[in-house]
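For reference, the structure discussed in these notes is given below.
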Amino acid sequence: MVVADRISDATKENRGSSRDFPTIQLFGLRVHAISEARLQDVVLKNACGGHGLSATYATAHTLALIRGDAVFRDAVNTFDICYVDGCGVGITSLLLRHRFIRKTTANRYFLPLCRRATAAGLRIALVGGRPGVADKVAERIRDFDPHAQIWTCHGFCSTERMTNLNGFEAHIVFLAMGQPKQEYIALELSAKLPRSVIICVGGLFDVVAGELPLCPEWIRSGGMEWAFRLVTRPRQVWRRYLLGLPVLAAMVAAEKVKPLPSARKLSATKRFNHNHLREIAAQRHSGVADEAD
C-alpha cells in the first residue's frame, strides 16, 4: 500500500510539531515533556483547525519493545507527540539525560478532553477494547453531553466496519489496542484521515468503562501504579513488569557505559520514509489480526 505522505513542512508549522515541546532521546526514541493540560490544548487546537496530529505514549514496556524492534521505534518517531506515561521512563531519562520527565496520564486527561471536544461540537471516534467496552465509554461521555457525536468500534472489528470510520469524519480518534498494534493502525489511519487527530491510549477504555479498577491517586502520585496493576491484574501484566523492567534496567546499564550520541547527530542521521513504514504497518497489523483469529 503506497499512500501520499500526510506530513509536510507547512502542515507541521500549523499543528504544533514535536519541536514545540522539550524533547529527549532515549535509545533512539523521541519522547516529549508535555503536561496533560497542554496536551488537551494542542489536541483541541488541531482538531478544530482540521490539522492532522498523531499522539502516543512511552512506558517502560515501550522502551523494552524498541530494543528488539527498530521498525516499531521508527514508527513511534513519526508521531507528532510521544508523551511519558510511566515513572520508568522518567527515571530512565533522569539516569541517562539528567532530567526527570513527569508522567502524563490518559486517565486524567481523557474525559476532560472529551468534555471540551463535545462542547466545541467535535466528532469523536472510539476504537478498541472488547465488544461493548467502547460503547460503555461513549455512555460516560454522553453523561455530560447527551448529544455528543460518537462512533464506536471494538478492537476486533472487521475491515469493512473500519472503512465506515472514513465517512464519519471524526475530529478526534482514540485507539485503545495496546502497543504496538495501535501505532501501526494509527499510521494507516493518518493517511486516510489526514485532518483528524489520532491518539493512542492503550488499555484506557477498560478503566473508563469500569471493567478494570482505577488506580488510587495516592498510589499513582507515588509512581507505584505498575505495582497496583501487577496486584490487580497479575495474569495480564506480569510478563510486562517482571520481565520488561529488568530488560529496561539492562538497557540503561549498557547505555551508561558508552557515550550517547548528541540529539543533533541523531536527528541528522534519522530519516523516516513514512510510505515504507505504512506498508510495514499494514503487514504488521494484518499479522496481528491473523494471530488473533
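Suppose we filter Thr104, Thr163 for residues that are free of Cβ contacts under 8 Å to residues at least 12 places away in the same chain, surrounded by fewer than 24 Cβ atoms within 10 Å (Cβ to Cβ) and either β-branched (Val, Ile, Thr) or within 30 Å of Cys87 (Cβ to Cβ) (or both); which single one remains? Sole residue among the options that is free of Cβ contacts under 8 Å to residues at least 12 places away in the same chain, surrounded by fewer than 24 Cβ atoms within 10 Å (Cβ to Cβ) and either β-branched (Val, Ile, Thr) or within 30 Å of Cys87 (Cβ to Cβ) (or both): Thr163. A search for C-beta distances below 7 Å between a residue of segment 50-79 that is closer than 13 Å to Lys181 by Cβ and among the hydroxyl-bearing types (Ser, Thr, Tyr) and any residue that is modelled with pLDDT of 95 or more and not in a helix (DSSP H, G or I), counting only pairs 6+ apart in sequence or on different chains, returns Thr56/Phe79; Thr56/Cys82; Thr56/Cys200.
Being over 18 Å from the mean Cα position of the chain (by Cα) and basic (Lys, Arg) is the requirement here; does Arg195 meet it?
Details: over 18 Å from the mean Cα position of the chain (by Cα): no; basic (Lys, Arg): yes.
Answer is no for this residue.
Here is the figure for segment 194-209: residues that are farther than 20 Å from Thr104 by Cα and in contact with a strand residue (DSSP E or B) (Cβ under 7 Å, 6 or more places away or on another chain) total 1. Of all residues in segment 83-112, those satisfying the criterion of being closer than 17 Å to Gly203 by Cα and under 15 Å from the mean Cα position of the chain (by Cα) are Tyr83, Val84, Asp85, Gly86, Lys103, Thr104, Thr105, Ala106, Asn107, Arg108, Tyr109, Phe110.
The values are calculated or read from the model by the stated rules, or taken from the named source; none is laboratory data. Keep in mind that this is a model prediction, so the values were computed, not measured. All Cβ positions, glycine included, derive from the backbone under ideal geometry; neighbour counts span all protein chains shown.
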